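Following: one structure in structure tokens, then a few remarks.
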Amino acid sequence: SSASLRILASMPSRTIGRSRGAIISQYYNRTARLRRRSSRPPLQHLCRTARPSLRQYDLETDPARATLEDKRSLLVKELLSLSPGQRSHMLLTVPLSLAEKRALRQELSGQRGPPRQHRAPSSPCGWSKDNIALVRPGRGSARQPGGLRCRLRPRCSPHVPSPQSCRGLWYRLLSLLPAAQPWHYALKQIGGRFGSSVLSYFLFLKTLLMFNIVPLLILLVFVVALQAAYPPASASPRPFTGLELLTGAGYFTHSLLYYGYYSNATLNDPCASSPNSSACPLAAPPLPYNMPLAYVFSVGVSFLITCVLLVYSMSRSFGESYRVGSSTGDLAARVFSAWDFKVIQRRSVKLQSENICTQLKELLAEQRSRSRSLSLCQRLGHCAVLLLAWALALGTVLGCVLAVRYLSEHMHAVQQGHRARGSGQRWQEAVPLVLPLVVSLLNALMPHLYNLLALWERQDSPVARLYVAICRNLLLKMVVLGLLCYQWLSRRVVCSAEECWETCVGQDLYRFMVMDFIFTLLDTFFGELVWRLILEKRLKRKQRPEFDIARNVLQLIYGQTLTWLGVLFAPLLPAVQMLKLLLLFYIKKTSLMQNCRSPSKPWQASHMSTVFVTLLCFPSFLGAAVFLSYTIWSVRPSDTCGPFRGLETIYKSGKTWVQVLERSNPNIGWLAWAHQHLLQDTFLLFLVSGVLLAVTYFNVQVVRGQRRIIRLLKEQIANEGEDKIFLIQKLHAVYEQRER
Amino acid sequence: QANPFQHRICRVFSTSDDGDDSMSFEDFLDMLSVFSESATSDIKSHYAFRIFDFDDDGTLDRKDLEKLVNCLTGQGEESRLSNAEMEQLIQNILEESDIDKDGAINLSEFQHVVSRSPDFTSSFKIVL
């Protein structure tokens, strides 16, 4: 009946979204809780002795408007008792309209003290500042989207009191911030046309650029710039030809780019260059700059900072995308967050609708097939196909590795032959390019093969297909890189004839990076532009090629791994990588706009970015860190070049320095003690691992407890729901009886 | 704007008394503030609930969900879900999110469901 329906419509659970009174009451409650830090209000504050859930809300059927004012004054009273920071945060999170918030604010400031002159609503200055303050949080988060270009920003008089004007200045600066941010408009364009998934690739590229700035700055300031100021007296450099950019040899060999250029002594010591340094009459300089120490410490510190940044970003994105207690499926969550409001072009909106439709149909089909159990025969067949596909994939990886190994040995023999025969300089420069070329070719072609394999395999869920593809690609790249690292460190095949093997390894890494860049360009050109032309002209299909996000991201991770591997041998490699990333951004963006369409596979952007950052951290950074540690601890540096010539291992330089310190200044003997017992003993390692294991166990138990509580609460809510339905039915029955 | 939710957005944010869904400058500011990057997830889910509630009754019942899915999948004939698929989808959504089993999703349940999806804050965003 209509009366009961009217009462039902005004149930608190249904009106909380709409009625201002309910919202104000809810936030009054929250503010009080925040102040008192308890979860239940004390009994003397209750005005009604109704059920606990009804105590906080007011029934809409109460016609007196005064209750709204009462609630508002209660809220204002509570807000006054908070600190200003908490108060503004509370005001910002209340989902009321601007007019309401302004009224609340006025009441607050009116209650705080005598009303200030400039707050008269007729003054446009205070009004606009107020509104901007109410609408934008002043927390100074670094990435604010396009500032609100408030058209009513008049000239403000200088006699405005200082806290207000400071805030106004701050907001004005904030609105200028997006203009200073790199690529803000480009990213918005990409997000508007292609959605969040393709945007995540470009955001990842930007993140990598940030990761490279830190090692570059450290190495530039502490190592490169100082060495450039004190150039060593070495052989005259070879003339510059254009080929150096490709091969990294020739003019670049004895330059700041590589390890071999750096001196092994104190830089500003005037005695170092004289032959008999023991009979040196000049005094030691006041601030000696020991190059080997600077080199090894800079590399170590930059790796440490990169590690901290990576772990921080990984934990932050992991925290955003993992949820406790999501035991049931997340179909509802996906439906509610399916619509990407960033997409603004009409064509893209239509595409997005089609995508969502396809995704939903696929999800539903997957659910239906899951509920239908397969027969034993079908399951066996499916397993056999899977095993065969994996065997093929692993076989191709093995084949590639063997091919690379055989090729490097062959190239080495060819190079020896050329050197013995004394062939021209050009040949000698060209031969080392073959191995990087072949490796990059394999890296570019094999993913397409794996895509074909996945088509044949026909996995059920598209997400699993994506993970399998990423897994196989990553395996191939990491195994090939592992083989190359082994070859560089053992030097049986590569760089075995060189005197300065570190420079040789640095040059090899430079060549790999350049080849990787060239092949990415070729891949973009052929994979996107030419493919689109073929599709349109020959096959007459309107569809453009898709932008393969996973493959491109793995390419970026591979390039970054090369940079991290090579930092010790070529300190300017991060600069090369940064240049590469900058160029790649513009090229990829142009190609994307001209040639591609948005991906049709379902894509959970934040989940995938977590996966990518994890992949960057674990196989990539960890592998580079292991390689670096091994090189520093166990490999013998060359005798004739570089900052560590003649030493047994690079690590020894640090040790000798500590001993020298100990001898010269007995007061800091604790440093030597700390060095010996903390770094060299393994006890510390065991202790740290034990602590980590304990913390992990504790967290796992906490999560398990939380899951159990969530389950209990859900049961309780279901019981209350049944109560509610029972009461509603009784209500209907009573009203029907009364009407009769 | 080509957004299929444009009418709902105008209706939700407009505070005009004549019911013609016109928006003043303050309403526009409100809308941008909710859709901006710095709005909390609470505010976004609050307003998202109001936008998705097509009949303004304070809950998302079956009819609201059906209209929502139709808006998401587009207006063309071939891109709509069949009746059976729609039934299955709505059934699944209600099973997952309706905790008190009253056949409709209220604000708290909606906020609970949406907090599980990390993509919500990034999709419920307009960049200026």
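Below, the figures for the structure above:
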| item | result |
| --- | --- |
| Angle between chain B longest axis and helix B:41-52 axis [Cα atoms, degrees, rounded to 10] | 70 |
| Sum of -39500 (n - 2.57) over DSSP H runs of 4+, divided by residues of chain B (222 nm, nearest 500) | -16500 deg cm²/dmol |
| Charge dipole of segment B:5-124 about the Cα centre (unit charges at C-beta), most positive-ward option of B:CYS10, B:CYS71, B:VAL114 | B:VAL114 |
| Solvent-accessible surface ranking, highest first, for A:MET578, B:MET86 at 1.4 angstrom | A:MET578, B:MET86 |
| Distance histogram for segment B:5-124 (every C-alpha pair counted, 5 angstrom bins, percent rounded to whole numbers) | 2, 11, 18, 21, 21, 15, 9, 4, 0 |
| Distant-in-sequence amide H partners of A:THR266 (H built 1.01 Å from N, under 5 Å) | A:MET291 |
| Residue-wise HN-Hα coupling along segment A:607-617, computed from phi with Karplus coefficients 6.51, -1.76, 1.60 (Hz; x: Gly, Pro) | 5, 5, 5, 4, 4, 5, 5, 5, 5, 5, 6 |
| Cut-off under 5 Å, modelled amide H: who pairs with B:ILE105 long-range | B:LEU60, B:ASP61 |
| Modelled FRET efficiency - R0 35 Å, A:TRP456 with A:VAL700, Cβ distances, 0.05 increments | 0.30 |
| For segment B:5-124, size of Cβ-based charge dipole, Lys and Arg +1, Asp and Glu -1, in debye | 320 |
| For segment A:586-726, alpha-carbon Rg over 2.2 N^0.38 Å | 1.94 |
| B:ASP98 accessible area, assembled protein chains, probe 1.4 Å, Å² | 10 |
| Efficiency of FRET between A:ASP723 and A:ASP330 - r from beta-carbon atoms, R0 30 angstrom, step 0.05 | 0.60 |
| Built amide H within the under 5 Å cut-off of B:SER24, gap 5+ | B:THR15 |
| Two-site FRET efficiency, A:LEU684 against A:LEU731, from Cβ-Cβ distance with R₀ of 60 Å, rounded to 0.05 | 0.30 |
| Full-extension gain in nm, A:ILE587 to A:ILE7, via 0.36 nm per residue minus C-alpha separation | 202.6 nm |
| Interface area, B with A, accessible, probe 1.4 Å, both sides summed, Å² nearest 100 | 6100 |
| For residues of A:700-713, the mean tally of beta carbons on other chains within 10 Å | 0 |
| Nearest-10 value in Å² for the accessible area of B:ASP56, using the 1.4 Å probe | 60 |
| Value of Rg to Rh for segment A:545-666 (Rh from inverse mean 1/r over Cα pairs, i.e. Kirkwood) | 1.18 |
| Separation of alpha-carbon centers, segment A:384-435 and segment A:684-740, rounded to whole Å | 60 |
| Solvent accessible area, Å² - B:THR59, 1.4 Å probe, full protein context | 10 |
| Solvent exposure ordering (accessible area, 1.4 Å, most first) of A:TRP657, A:TRP183 | A:TRP657, A:TRP183 |
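The values are calculated or read from the model by the stated rules, or taken from the named source; none is laboratory data. Please read all numbers here as calculations on a predicted model, not as lab measurements. Positions of Cβ are backbone-derived with ideal geometry, glycine not excepted, and every protein chain shown enters the neighbour counts. Accessible surface is based on the protein model in full, side chains and every heavy atom, while ligands, DNA and RNA are left aside. Shrake-Rupley method; radii C 1.70, N 1.55, O 1.52, S 1.80 Å.
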